[in-house]
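First comes the structure, then the notes that go with it.
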Amino acid sequence: MSGVDLQNPDAQMQYGDMLKEHYALVIMENVTDLTELGYDFTIDDYMDFALENVLNTISNSKSERIHSKIQNDTGIDYITYKIWGTFEEENIDVYYRLTIFKSDARFYNLMTWCMAEDERTYDPIMDKMIKSFKEL
């Protein structure tokens, strides 16, 4: 993967491989900024918000939380969902991994996706991305 413009002005990092159609981006939000705006999100609340945003962009959506408990094997709390759906206009089936990390100071939204037919190929790579995440 290399740096690409995925047309997301909120993303701090945007990466992709256009030939393999595998992409990733990270959005970072300060907990203090959200609190000042009146949002007192827990990690579950933030995940619900982020998950709803993704599900609203696709049809025939299905989502599955990977672990029932909040994970912390990376040194920072996180929750991950697998998401499947279709971009209606292009009739393209997609597969996502959406992970929300929460430290004392920030939320990080790591989203990585590929064509649904490539799920088995890229799922292990997506898992490595999640497990290697480090706070900025």
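Using equal-weight Cα scatterers in the Debye expression, the normalised intensity of the stretch 16-86 in log10 at q = 0.16, 0.18, 0.23 Å⁻¹ is -0.76, -0.94, -1.24.
Is the shape of the stretch 56-136 best called rounded, prolate or oblate, per the rule: a/c under 1.5 gives rounded, else a/b larger than b/c gives prolate, else oblate, with a ≥ b ≥ c the square roots of the Cα gyration tensor eigenvalues?
Details: a/c = 2.26, a/b = 1.89, b/c = 1.19.
It comes out prolate by the Cα gyration axes.
The helix-based estimate of mean residue ellipticity at 222 nm for the chain, built from -39,500 (n - 2.57) per DSSP H run of four or more residues and divided by its residue count, is -7000 deg cm²/dmol to the nearest 500. Principal-axis analysis of the Cα atoms of the chain puts helix 119-131 at an angle of about 20° to the longest axis.
Stretching the chain fully between Glu36 and Ser103 yields a gain of 22.4 nm (0.36 nm per residue, less the alpha carbon separation).
Only one of (1) 24, 16, 15; (2) 25, 17, 12; (3) 28, 19, 14 was calculated from the structure for semi-axes √(5λ) of the Cα gyration tensor in Å, and its label is (1).
What order, most packed first, do the peptides 12-24, 58-70 have when packing is the mean number of other Cβ atoms within 10 Å of each residue?
Numbers: 12-24: 15.5, 58-70: 11.7.
The most tightly packed comes first, giving 12-24, 58-70.
Counting only alpha carbon atoms, the long axis of helix 43-55 and the longest principal axis of the chain meet at about 30°.
Where a number appears in this text, it was derived from the coordinates with a stated rule and is not lab data. What you see is a predicted model; the values in this text were computed from it and never measured. All Cβ positions, glycine included, derive from the backbone under ideal geometry; neighbour counts span all protein chains shown.
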